[in-house]
Amino acid sequence: DLDNNVYLDFTIMGIGSTILGYADDFVNKAVKDAVDSGSMSTLNCPEEVELAELLIKIHPWAQMVRYAKTGGESMAIAIRIARAFSGKDKVAFCGYHGWSDWYLATNLTDKAGLDTHLLSGLEPKGVPQKLQGTVLPFSYNKIEELEDLVSKNNDIGVIVVEPLRHQEPENDFLKKVRDIADKIGAVLVFDEITIGWRLNVGGAHLFYGVEPDIAVFGKAMANGYPMGAIIGKKEIMESAQSTFISSTFWTEKIGLVAALATIKRMEELNVPKYLKNIGEMIQDGWSKLAEKHKIKLSILPPAALATFSLGYGEKNQAIRTLFTQEMLKKKFLATASVYLSYAHTADDVKKYLIAVDEVFAILSKAIDENNVESKLEGPVAHNGFKRLT
């Protein structure tokens, strides 16, 4: 940090983007070479085609690719293309999909519309009121909610799903979503921005054997360099030609070479398998230490995005804040989630769990004595995307 303290990051590793670890030498070399050779040109760089061919090779159901620099704009592109193809405005979705008008418009209809989709308590100010009713939420693993939306709305043209966050699909949920999309002629979009590349090299949908019409990638794909990709079936992706989607920097070379280098390393090192193994070490450690200190704690999947939840209701956030505070004193960035990277070693995990053991003892005592907040040296951390204002 600015005071030259050195920490181990056992939180979300660059907001989920640095899957190989911070400043990976292999990726950085590719980026430095790209900078030296000129990262921008009037002509398209060959890496643009090379990455598209690689993404299509990994995902044989797709035939075309478009690029962006961030997850939010990648999802906006996907929705624009999907609406252009379907000719219908309404979007049914579950999961977290960014900040764009199409998504935040959910809260125009119901202020709590996004509360169970990672974003809670946000005001949709600045979103046109006329978008009210165009975005329809349903819950993960509750196919009956999507069926109900479809029965009441004959103009749903797009269905958007995160194939996995912290719930495994049950009762063929993803396949049933696919079947509904086919039945009503809607474009099925899988948002792989967070989960992509973590269960396997490519999209999590490959792991579950369900093909979307469009898949969207970002975050881990380029190990911390801004990069997004929208891949899809040719007949759907060609709808982009009938609308306007453009940006100067979407095909700037740094993100492309970073993605190529990152994917190569993920394939060579079998990074997803490594993340699973390291994540399971952490999950197992949490479980044993929670039992030892009698802390009400549940483990959420997948191991590559190891997360625990507490069972103390309104006190949960204060307890998590105390956990972060005390782990910082032991030189760990820590919260309830660990987005694993290839840089996390077994020795790092052992050191982390020793610190967790000591901090869980502090939490347990504070919970028993009902004085968690008095132990805090600052305010309770605001939760998720909530703002101080």
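So the values come out like this:
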{"quantity": "Whole-number percent relative contact order across the chain, with pairs defined as alpha carbons under 8 Å at least 6 apart", "calculated": "24 percent"}
{"quantity": "C-alpha long axis of helix 173-184 to longest principal axis of the chain, angle in °", "calculated": "20 degrees"}
{"quantity": "Average accessible surface area per residue within segment 270-372, 1.4 Å rolling probe, Å²", "calculated": "45 Å²"}
{"quantity": "Relative contact order [Cα under 8 Å, 6+ residues apart], segment 230-331, whole percent", "calculated": "16 percent"}
{"quantity": "Inter-label distance, nm, simple model (7 Å from Cα along the C-beta direction), residue 364/residue 132", "calculated": "5.2 nm"}
{"quantity": "Label-to-label distance, nm, for residues given as residue 153 and residue 3 (7 Å Cα→Cβ offset)", "calculated": "5.0 nm"}
{"quantity": "Most to least accessible of 357, 347, 213, 3 (protein chains only, probe 1.4 Å)", "calculated": "3, 347, 357, 213"}
{"quantity": "Euclidean distance between Cα centres, segment 66-103 to segment 319-346, Å", "calculated": "33 Å"}
{"quantity": "Share of carbon and sulfur in the accessible heavy-atom surface of the chain [1.4 Å probe, %]", "calculated": "52 percent"}
{"quantity": "Dipole-positive endmost among 166, 286, 299 within segment 165-310 (Cβ charges, Cα centre)", "calculated": "286"}
{"quantity": "Separation in nanometres of the label points that stand 7 Å from Cα toward Cβ, at residue 264 and residue 179", "calculated": "4.4 nm"}
{"quantity": "Nearest-ten-degree value, helix 253-269 long axis tilted from longest Cα axis of the chain", "calculated": "60 degrees"}
{"quantity": "Computed over segment 1-108: relative contact order in percent, which uses C-alpha pairs under 8 Å that are six or more apart", "calculated": "15 percent"}
{"quantity": "Assigned charges on the beta-carbon of Lys, Arg, Asp, Glu; the chain dipole about Cα centre (debye)", "calculated": "320 debye"}
{"quantity": "Cβ-derived FRET efficiency at R0 25 Å, residue 300 paired with residue 371, nearest 0.05", "calculated": "0.35"}
{"quantity": "MRE, 222 nm, helices only [DSSP H, n ≥ 4, -39500 (n - 2.57), over the chain, to nearest 500]", "calculated": "-13000 deg cm²/dmol"}
{"quantity": "Long-range lysine pairs (8 or more apart or interchain), segment 1-143, Cα under 28 Å", "calculated": "19"}
{"quantity": "Shape parameters for the chain, alpha-carbon atoms, Rg then Dmax in Å", "calculated": "21.7, 67"}
{"quantity": "Angle in degrees between helix 71-86 and the longest Cα principal axis of the chain, rounded to the nearest 10", "calculated": "30 degrees"}
{"quantity": "DSSP-defined beta bridges in the chain - what % are antiparallel, rounded to 5", "calculated": "45 percent"}
{"quantity": "Lys pairs, segment 218-295 - Cα-Cα below 19 angstrom, 8 or more residues apart or on other chains", "calculated": "8"}
{"quantity": "For the chain, built as a Gaussian network whose Cα springs stay under 10 Å, the top-fluctuating residue of 212, 226, 379", "calculated": "379"}
{"quantity": "Of 103, 35, 13, farthest towards positive along the dipole that unit charges on Lys, Arg, Asp, Glu beta carbons give segment 1-103", "calculated": "103"}
{"quantity": "Three-way shape label, segment 188-240, alpha-carbon gyration tensor, a/c 1.5", "calculated": "oblate"}
{"quantity": "Modelled FRET efficiency - R0 51 Å, residue 238 with residue 357, Cβ distances, 0.05 increments", "calculated": "0.35"}
{"quantity": "Using a Förster distance of 22 Å, the FRET efficiency for residue 287-residue 316 (Cβ separation, nearest 0.05)", "calculated": "0.80"}
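The values are calculated or read from the model by the stated rules, or taken from the named source; none is laboratory data. In this text, all values refer to a predicted model and were calculated from it rather than measured experimentally. Heads up, the Cβs are rebuilt from the backbone with ideal geometry, glycines too, and the neighbour counts pull from every protein chain shown. Ligands, DNA and RNA are stripped out before the accessible areas are found, and what is left, the full protein with its side chains, is counted by its heavy atoms. Shrake-Rupley method; radii C 1.70, N 1.55, O 1.52, S 1.80 Å.
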